[in-house]
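The structure appears right after this line, and notes come after that.
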Amino acid sequence: MSLILEIVNINTDIRKNFLRRFQTEQNDFLGRIITGDETWVYSWDPETKRQSAEWRDFDEPRPEKVRRKQGALKVMHMIFFDMNGVILRWPVPIGTTINAQYYKKVLQDKLRPAIRKKRPGLLESGILFRHDNAPVHTARAVTDVLAGYKWELLEHPRYSPDLAPYDFHLFPKMKEHLRGQRFETEEDIIQATKVAIKNLDKCSYVTAFKDWLQRIEKCANNGGCYVE
């Protein structure tokens with residue numbers, strides 16, 4: 001069996017298991033899931049074409065636009081959320097290497113206390129934890145911590161950012177609020193990111209999880225990846 005075919009079969013099984021769990025447990029299943037990942041937030045991110053569009057007369061020439069790169073200053077954010085919103089937004093100190101030990105420490109010292117404070121019921125009902133297959137996330141030190149907490153780890157299909165709510169929902173929407181703004185310091189980036197997340201529609205998280213389910217169903221029905 002080729003490696004590609006093996007990955008396809010593994011991903012198919014993961015999607016089927018996800019749908020099977022939902023069919024059995026319904027919204028209780030989605031409501032117990034916490035998911036998250038890391039993402040860079042830059043001191044300046046150029047506006048999208050849609051954001052920079054401006055009204056002009058039919059015969060007015062198009063304005064010249066210079067291609068610009070993202071700002072050099074950036075802050076890595078680790079963000080975890082569920083259907084009710086963000087549970088933890090953790091800006092990683094500049095110069096910090098995110099390895100398995102650091103990720104494990106964030107789970108222990110930041111995420112678990114945040115869950116205890118914001119979602120105490122989840123600790124009793126049982127947390128279903130979902131992150132991608134990055135080596136940092138799948139390291140033995142991390143899986144041991146999750147097992148010790150009795151958090152059930154949901155598998156993520158390989159090479160499937162289209163099936164990750166942070167990739168198709170949270171991060172793009174958060175960064176859309178930040179595009180076109182310039183930040184001079186790391187603290188400016190951190191505060192702006194905090195505000196951007198706060199301004200997101202709370203109902204959108206429920207929508208994101210339902211969209212996630214629909215994407216997985218489409219993948220299962222089509223026998224492949226979700227296509228916009």
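The values are calculated or read from the model by the stated rules, or taken from the named source; none is laboratory data. Treat the numbers as computed from the prediction; the structure is a model and nothing was measured. Every residue, glycine among them, receives a Cβ derived from its backbone with ideal geometry; neighbour counts consider all protein chains shown. When the accessible area is computed, the model is the full protein with side chains, heavy atoms only, and any ligands, DNA or RNA have been set aside. Shrake-Rupley method; radii C 1.70, N 1.55, O 1.52, S 1.80 Å.
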Pair list, Cβ under 7 Å, 6 or more apart: segment 196-220 residue free of Cβ contacts under 8 Å to residues at least 24 places away in the same chain, other residue open to solvent by 10 Å² or more (accessible area, probe 1.4 Å) and among the aromatic types (F, W, Y): K218/Y226
Which listed residue is surrounded by 14 or more Cβ atoms within 10 Å (Cβ to Cβ), in contact (Cβ under 8 Å) with a residue 60 or more places away in the chain and within 15 Å of P91 (Cβ to Cβ), from F129, F183: F183
Leading residue by the ranking (surrounded by the fewest Cβ atoms within 10 Å (Cβ to Cβ)) among those in segment 1-16 that are in a helix (DSSP H, G or I) and among the polar types (S, T, N, Q): N9
Yes/no for E176 being closer than 18 Å to G31 by Cα and surrounded by fewer than 20 Cβ atoms within 10 Å (Cβ to Cβ): no
Residue match in segment 148-168 (condition: touching a Leu at 6+ places or on another chain (Cβ under 7 Å), in contact (Cβ under 8 Å) with a residue 60 or more places away in the chain and not in a helix (DSSP H, G or I)): yes
Residue satisfying condition, being buried (at least 16 other Cβ atoms within 10 Å of the Cβ), modelled with pLDDT of 95 or more and touching a helix residue (DSSP H, G or I) at 6+ places or on another chain (Cβ under 7 Å), within set L146, L122, L88: L88
Residues satisfying the stated conditions in segment 17-39, i.e. assigned to a helix (DSSP H, G or I) and open to solvent by 10 Å² or more (accessible area, probe 1.4 Å): N17, F18, L19, R20, R21, F22, Q23, T24, E25, N27, D28, G31
